[in-house]
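Student: Right, I'll just put the structure down here and ask away after.
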Amino acid sequence: MSWRRLWNVARRQRRDREAQVEMADFLAREAEARQAAGAAKQEAARQAAIALGSAERWREEAREARGMPWLEIAGREMAMALRGLRRSPGLAIAAVLMLGLGIGATSAAFGLVERVLLQPLPYAQAQNLVKVQLTAPGAKLDNLLIGPADYLFFRDHSRAFQSLGIYQTDAASVRLSATPQKVASMDLTPDLLPTLGVEPRLGRTFSPADATPHAPLVVLLSDAFWRKQFGGDSSVVGRQTEVDGKPATIIGVMPAGFSVLDHTETLLYEPLGFDPAKVGLGNFSWNAIGRLRPGVTLAAANADANRMLALVMQTYPPPDGYSLATFAQARIASSLRPLKDAIIGSTARLLWMVLGSLGLVLVIVCANTAGLLLVRVEGRRHELAIRTALGASRSRMAALLVAESVWLGIFGGLLGLGVADAGLHALVAAAPQGLARLPEVHMDGWAVVFTLGLALGASLLLAIGPALRVERLAERPNLREAGRGLSASRARLRTRNALVVVQVALACVLLTAVGLMLRSAMALAQVNPGYDRSQPIAVVRISIPDADAPGARAEFAMQRRIFDALSALPGVSAGLASTAPMDGNRMMDPVYVQNRTPAGSSLPAVRVFHYISPGYLQAMGIPLLAGRDMTWQDAADLRPVAMVSAAFAREYWKTPAEALGHQIRVTGNDDWREIVGVAGDVHEQGLDQPAPAEVYWPLLAAHFEGSALNEPGGVIAVVRATNAGTAAFSAALRQAVWSVDRNIPLAATTTMAHYYDASLAQTRFTMSVLGLAAGMGLLVGIIGLYGVLAYAVAQRRRELGVRIALGAAPAGLMQAVVRQGLGLAALGTLLGLLAAGFAARLLASLLYGVLPGDPATFAAVALAMLAIAALASALPARTASRVSPLEALRAE
C-alpha cells in the first residue's frame, strides 16, 4: 500500500486531473437528475453544486486518500524554506561554508580513523591472527622477537596455533640489466602466506622443498615490481633472473596491494628455512605471525606458548658462550598480541586525537551557526507573529525552521564531501612515514555515509534552538512588539552568549594543545642528536656480492677499497658502518663487562651496537671524548679492540676516560676486547628517546659472537660534503663505488636530514593538525563573539542613543561593550583551561620536555584569548560610541 501511495504522489497532477473529471461527471449526472425531477437547468446546476460541496475539500480528501499527505506537506515546507534562504543569501552562504569546512574536516579525520583503526586487516579471518613475541623480564627486555628454535617447536607442537610463519625484512640485488639494482626484499617461511590466507595472483607460493638447504632459489614478485619491470606480462612465471649473484626462478606474483603487515616497500620475496640439527636457543630476531585455532582465546594461546617455551629450553642447546642458566635467568615468557594491535601500536591515540580535535571544530562551527540562525529567528519575530495571528500552528512554523536547517545541512554536507576528500589526501600526505596502514587510507563508502550522516545530525541539532524560540514567540503573538526594552534584549542574547562561551572554551582547549605541542617541538629542536648537522651527510647502503668477494677477509678488503674511493672525492669525509643513527635498523646483543654486571641483574645488559670503519665518527661528526678511534690496522690485524659511547661508560664508570683499558665481549667464548675509545652519545632511536648505551666494533673481528672470523656483510657509507644529497653528488658517489666493482648494487641515496626529520615527523604532524583545528576554531569563535556584540549593539541602538543624548561619554560606552566581550571571553577561557587540563593528559605520550599542565603554556593561552577577544570587541564598541541620538530616535 505504501508503494502505491508513493506512486500516486509521483503522479499527483494526473490524479488531480482524474479527480477533476470525476467531480465534473458527478455534477453533470446530479444536474440531469434534478432536471428530470422538474428543476430548471440553472437551478439544477446550482443544487448539484450545493450537493457536491467544496470542490477543493474533495480534492484534498482525494489526495489524502490516495497519497502521502505528510510527504506533500514536507515537500511544500522544504520548498518554502529554500525560498526563505534565497532571500538571505549572506547568512545561507556563511552557514554552508562553515558547516562544509567543519563537516569535511571531521569526515577526513574519520576516514583516517576508519581505515586504520576500525577496518579489519586485509587478511582472511584476520581476527584470529596474532603477533608472536616474547618478553624477558630477567634481562629487562620487552617486545622480544622469537628465535628459530621457538618457531620450529611452536610449529610442530602447538595446541593453540592452527599455523605459524616467520619472516625478516632484507635487501636483495636483482640483475635485470647490465647494472644490478638493490630492492627491498623479505625472507619468509613457506607457511607464512597460508597463515595470512593469501594466494599469489599468478603462479604458486613457496613449498617446504623450496626452503631446504641447497634447493634451487625461487622468488615471488610484488605486483608493483612485476608491473614496473615486466610490464604486467603474465608469462613471467618460470622466467630466470639473478638475485644476489645466484640464478633464481620467478614462481609467482603476489596480489595487488598485498604486503606483510606494513612492509609495503617489499618488492621481492624469498623462501626461508632452518636446519633443525643446526638450530639452538637464542637468536631472537625473527618476526612471527600465528593463526589461532577457532575458539582459542589469547589467554589460552599465551598459556600454551609458555608451556612450549619450557620444553624448548629442554630440547635445544644454548649457543656457544651461553648456558641454560643464562636463559633461565632471563625468564623468557610469551607475550602474544592481536596482529591488528601490534600493527597499530601507539598510532591509535594519535588518530583519535586528530579526530577529537577536528570534531571540536565541528562543535564550534555548529554553535556559531546556531547563533546565526537564532539571530535570523529574532529578525523574523514580526513575520512569525503575523503567521501565528493568521492561524499558523506552532508545529508548522517549527517545521519551516527545521526545513531551513536541513537545507543548510544538505548543502554543507555536499560541500563537506569535497572538503573531506581533499582533507583526507592532505592528512595522508602530512602523516609521518611509517604510520600504520597508511597506504590503505582512501575515501570509501563508510566515509561518505559518515559525512552525510554528520550533515543530517548537524542540521537537526541546529534546528533545536530556532524551533524552541518559535514556541516562545508563539506564546505571545503581539504584532506591535518591537523588542525595544533592555531586559528583552538581554533575554534574547542569553542563548547566544552561552553559545559564544562554548565556542571560546573549545577554541581554548585546542589552542592549549597547540601550545603544548609547540613547546614540545621547541624542546626537541634544542636536543643535540649527537652528530654534527652543520653539513649534509649522504647515506647509501652497499652490498658486496658474495661471488665478487668470497670470504670475510675478501669482503673486508673490498670495503676498504670502497672507503678509499669515497674519501678520494673532493671535499668529502667518509666512513662505513653497519647502520646509521635513527634509520630504524637497530642491532642489539648482550654485552659482558669484565668483573662488572649491570645494577639489579646478574645477566649482561642488551646494548645497541655498530660495526664501524675508521673515519665513521669523523664523517658523522660524533665527538671522540676519550682515547682514540679504531684504525684499519686494528681490523686487518684482528686486534681485540672496541669503542663505547659515553652513556655506556657512565653506567659502569664515573667518567668516559675511566672506561679506557677495560674489557668487554658479547658471548662467554669471545675474546675480551679492550675499550680504546669513548664516543659521544647519539640519539639512536629518535630525538624524543634517551641516547642508549652503545658499543662500536671493528668491521673484521676474530672469535666474535661464536664465529672464528666475523664480518657484518652489508654496510652503509656515510659521506659528509657540502653538496651531499644532490643528484650530481649521488652520481659521483655511484661512480666511486662502481670504480671498485661494477656489480655492487646501490640503494637510493638518502641523507641524515631525512632520518632527523622523520624523528620529528609525528610531533610536527600532531602540531600541524592541532594548529589547523585551533586556527579554525579560534576564527569561528571570535567571529561568534563579534557577532554577539554587534547584534547587542544593534538591539540597544535606541538605548545607546538616549544615553548619549543624556550626556553619556562615548568612551564609557566603548568600555562597556569591550567589558561585555571580555566577560564572555574570560568565562569561556576559564572553562576552556579547566577542560584543557584534563585533555592535555591525553597528549602526555606525545610531549617532550614539557608537562601536560605546563603553567607557562596555560598562561600564554589565557592572555592570547583575552587579547584576541579585546580586538574582536573593538569594532562593535566603536560602533556603539558613534550612535547618533537623533537617528536612533527617528528610527523608532
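The values are calculated or read from the model by the stated rules, or taken from the named source; none is laboratory data. Model, not experiment: these values are computed from the prediction. Cβ: placed from backbone, ideal geometry, glycine included. Neighbour counts: every protein chain shown. Accessible surface areas use protein heavy atoms only, side chains included; no ligands, DNA or RNA. Shrake-Rupley method; radii C 1.70, N 1.55, O 1.52, S 1.80 Å.
Student: Among the hydrophobic types (A, V, I, L, M, F, W, C) and either in a helix (DSSP H, G or I) or open to solvent by 30 Å² or more (accessible area, probe 1.4 Å) (or both), is that true of ALA248?
Tutor: So ALA248 fails the test.
Student: Restrict the check to the range 632-651 and report whether at least one residue is open to solvent by less than 20 Å² (accessible area, probe 1.4 Å), modelled with pLDDT of 90 or more, part of a loop (DSSP other than H, G, I, E, B) and farther than 24 Å from ASN283 by Cβ.
Tutor: No, the range 632-651 contains no residue that is open to solvent by less than 20 Å² (accessible area, probe 1.4 Å), modelled with pLDDT of 90 or more, part of a loop (DSSP other than H, G, I, E, B) and farther than 24 Å from ASN283 by Cβ.
Okay, residues lined up against (1) under 19 Å from the mean Cα position of the chain (by Cα); (2) more than 16 Å from LEU566 (Cα to Cα):
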position: ALA724; (1), (2): no, no
position: SER730; (1), (2): no, no
position: GLN735; (1), (2): no, no
position: SER739; (1), (2): no, no
position: LEU746; (1), (2): no, no
position: ALA753; (1), (2): no, yes
position: TYR756; (1), (2): no, yes
position: MET767; (1), (2): yes, yes
position: LEU770; (1), (2): yes, yes
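Student: For the range 143-190, enumerate the residues that are assigned to a loop (DSSP other than H, G, I, E, B), crowded, with 21+ Cβ neighbours inside 10 Å and not small (Gly, Ala, Ser).
Tutor: Residues satisfying the conditions are PRO180, THR189.
Student: Follow-up question, since we're still on this one. Could you give me the residue pairs with C-beta distances under 8 Å whose first residue belongs to the range 82-102 and is surrounded by fewer than 18 Cβ atoms within 10 Å (Cβ to Cβ), whose second residue is modelled with pLDDT of 80 or more wherever it lies, and which are 6+ apart or on separate chains?
Tutor: LEU82/TRP407; LEU97/LEU415
Student: Separate question: Tell me, please, whether a residue that is within 30 Å of ALA507 (Cα to Cα), open to solvent by 10 Å² or more (accessible area, probe 1.4 Å) and assigned to a helix (DSSP H, G or I) can be found in the range 736-752.
Tutor: There is no residue in the range 736-752 that is within 30 Å of ALA507 (Cα to Cα), open to solvent by 10 Å² or more (accessible area, probe 1.4 Å) and assigned to a helix (DSSP H, G or I).
Student: Same structure, new question: Please identify the pairs in which a residue from the range 22-47 that is exposed (fewer than 13 other Cβ atoms within 10 Å of the Cβ) has its Cβ atom under 7 Å from the Cβ atom of a residue that is in a helix (DSSP H, G or I), counting only partners at least 6 apart or on another chain.
Tutor: Filtered contacts from the range 22-47: LYS41/GLN35.
Student: Could you say whether any residue in the range 262-282 is under 31 Å from the mean Cα position of the chain (by Cα), hydroxyl-bearing (Ser, Thr, Tyr) and not in a loop (DSSP other than H, G, I, E, B)?
Tutor: yes
Student: Can you name every residue in the range 192-213 that is under 23 Å from GLY147 (Cβ atoms), out of contact with any Pro (no Cβ under 8 Å at 6 or more places or on another chain) and open to solvent by 20 Å² or more (accessible area, probe 1.4 Å)?
Tutor: PRO194, THR212, PRO213
Student: Only residues that are open to solvent by 20 Å² or more (accessible area, probe 1.4 Å), within 25 Å of VAL198 (Cβ to Cβ) and among the β-branched types (Val, Ile, Thr): list them for the range 130-142, please.
Tutor: Of everything in the range 130-142, nothing turns out to be open to solvent by 20 Å² or more (accessible area, probe 1.4 Å), within 25 Å of VAL198 (Cβ to Cβ) and among the β-branched types (Val, Ile, Thr).
Student: Taking the range 728-746 only, how many residues are among the charged types (D, E, K, R) and over 16 Å from VAL572 (Cβ atoms)?
Tutor: 2
Student: Out of (1) modelled with pLDDT under 90; (2) surrounded by fewer than 19 Cβ atoms within 10 Å (Cβ to Cβ), the odd one out for THR315 is which?
Tutor: Only one criterion in (1) modelled with pLDDT under 90; (2) surrounded by fewer than 19 Cβ atoms within 10 Å (Cβ to Cβ) is unmet by THR315, namely (1).
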